[in-house]
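What follows is calculated from the coordinates using simple rules that are stated; it is not laboratory data. Treat the numbers as computed from the prediction; the structure is a model and nothing was measured. FYI the Cβ positions are ideal-geometry reconstructions off the backbone, even for glycines, and counts take in every protein chain you see.
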Amino acid sequence: MNARISLAWWPGLLIASPVLAPLLAVRNGRFKKEVARARSENRRRIDSACLLDLPVVNDLEVSVLSEWRAKDGFKGEAGVSYLFRTEQGSLLYDVAFGDESGVVAHNAKQLGVAAQNIDAVAISHLHNDHMGGLKAFRSMELGYPVSLHPPQSVPCFLPAQAAAPGFDSLVVREPRMLAAGIASTGPLARRLFFLGWVEEQSLLIRLRDKGLVIFAGCGHPTLPTILEMVRKLSSEPIYAIGGGLHLPLTGGRVGPPGLDLQTILGTGKPPWRKTEQADVEDVVDAIRGASPQKVYLSAHDSCDEALRRIAEALDCQVEVLEAGGRYTL
């Protein structure tokens, strides 16, 4: 395991410590209060949820437009964008870093995905690696890839208030149907230490003769919480679970040399606490409890070691998603 902060950074941190220490102490006090508030809010949302009238989908294909791992001829990045296709239409889930990196546009072209192939858009949560880049995150305005902008206005389902120019933007506030026979769990909350309050919605699909398919963007609300909400929305068995789990156990995907930002800023915990094996075991226990037949892991926010441990601990089929991949469920 590499050091999260190399020795080269320590002199600067020591110089800044008289300022950083009290700031972190104040933030930690607020963090603890809002963690409790997020837990209470999720409890309220789950308790008030009821069964959704989920339509049956006959066919489901997921095309990966952005992921950390990539097939030959495709580009990878620490962002997420998945195109869901059913016989009822298509839904683009997240746009990674948008045109800031150009990865989504490049991979979409390679896959033969055009603007007119997208009937609706849903954003899992309003972070830069899902809503179109750093500028989009700072302005709270969707950074949608220009080359994929549908020729007519289509719905864009957001988990919280943000701008989505050129779309019929709708803020999802509770579990509901979206498009193409795909539903949203509704936003579930999490208070992250550095990135603050986050609302994240996951997707839910009922696949004929198989059961439920669940996909998350980052899994910030935690997989046990997402699954608890799903069980309130449908009594169908769970067939597949996919998407991000946010487990930078032994290292992260981004950061300058000697500074592993994802294991410091991206865990959701205070910087003096790491992602631990217990966090991985919580995810494994949640998946085992759901008894899916298939699991599709995202590498954009979880390290290879965490993915390996999850795969080895499960008895079902496990795949790591790759940009350029098409997965038929």
For the chain, percent of DSSP beta bridges that are antiparallel (nearest 5) comes out at 55 percent
Placing +1 on each Lys and Arg Cβ and -1 on each Asp and Glu Cβ in the chain, then taking the dipole about the Cα centre, the residue among 128, 243, 261 whose Cα reaches farthest towards the positive end is 261
Per principal axis, largest first, the Cα atoms of region 227-266 extend in Å by 48, 16, 13
Loop chymotrypsin sites (Phe, Trp or Tyr not before Pro), region 239-310 (other Cβ atoms within 10 Å of the site Cβ: 13 or fewer; DSSP): 272
What is the dipole size for the chain, taken about its Cα centre, with +1 at each Lys and Arg Cβ and -1 at each Asp and Glu Cβ, in debye to the nearest 20? 960 debye
Based on the Cα gyration tensor of region 259-315, what are the three equivalent ellipsoid semi-axes, each the root of five times an eigenvalue, rounded to whole Å and given largest first? 23, 12, 9
Given (i) 19.2, 62; (ii) 24.6, 81; (iii) 21.9, 81 as candidate values of Rg and Dmax of the Cα atoms in Å, which corresponds to the one derived from the coordinates? (i)
Please report the projected area of region 1-155's Cα convex hull averaged over all directions, in nm². 14.4 nm²
XL table 33/294; 210/232; 32/232; 232/269; Cα-Cα > 26 Å flagged, in table order, is 33/294; 32/232; 232/269
